[in-house]
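Encoded as structure tokens, the structure appears first; notes follow it.
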Amino acid sequence: MDVLPDFTTISDDDLKALIERYVHEEEEVSYRRRLLHGKIDILRAELVDRVKRRHAGEQSSLSEVDIERLTEILAHRGPPPDLDEAPPPG
């Protein structure tokens with residue numbers, strides 16, 4: 001992890017650039033986290049479904065997977081916008 005700069009020697013422009021860098025990095029981490037949460041949700045749902053089917057005496061079948069539900073879970077708006085682009089209004 002980077003050590004914070006000496007605030008007595010860093011210029012305003014360098015400070016702003018550092019802030020932008022960390023904001024961009026945080027957005028990337030947040031995006032990755034959301035994708036991982038979606039995958040975890042799908043895996044947990046599959047595990048719960050398997051346990052329920054075992055107790056009911058049924059076999060699980062890939063053809064029975066709710067594709068629409070999985071699509072909704074994995075649907076996303078893409079990676080975070082580049083910081084060089086203007087932020088959306090509002």
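For the range 4-30, give me each residue that is in a loop (DSSP other than H, G, I, E, B) and free of Cβ contacts under 8 Å to residues at least 12 places away in the same chain.
Within the range 4-30, the first condition is being in a loop (DSSP other than H, G, I, E, B), and the residues that meet it are 4-11.
Residues satisfying the conditions are Leu4, Asp6, Phe7, Thr8, Thr9, Ile10, Ser11.
Each row is one residue, and each column tells you yes or no for (1) of a type in the set (S, T, N, Q); (2) at pLDDT 90 or above.
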| position | (1), (2) |
| --- | --- |
| Asp12 | no, yes |
| Leu18 | no, yes |
| Ser30 | yes, yes |
| Arg54 | no, no |
| Ser60 | yes, no |
| Glu72 | no, no |
| Ala75 | no, no |
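Within the range 20-50, which residues are over 21 Å from the mean Cα position of the chain (by Cα) and surrounded by 11 or more Cβ atoms within 10 Å (Cβ to Cβ)?
Of the range 20-50, the ones over 21 Å from the mean Cα position of the chain (by Cα) are 47-50.
Once the filter is applied, which keeps residues that are over 21 Å from the mean Cα position of the chain (by Cα) and surrounded by 11 or more Cβ atoms within 10 Å (Cβ to Cβ), the range 20-50 yields Asp49, Arg50.
The values are calculated or read from the model by the stated rules, or taken from the named source; none is laboratory data. What you are looking at is a predicted structure, and each value in this text was computed from that prediction instead of being measured. Because the Cβ atoms are built from the backbone with ideal geometry, glycine has one as well, and the counts that use them run over all protein chains shown.
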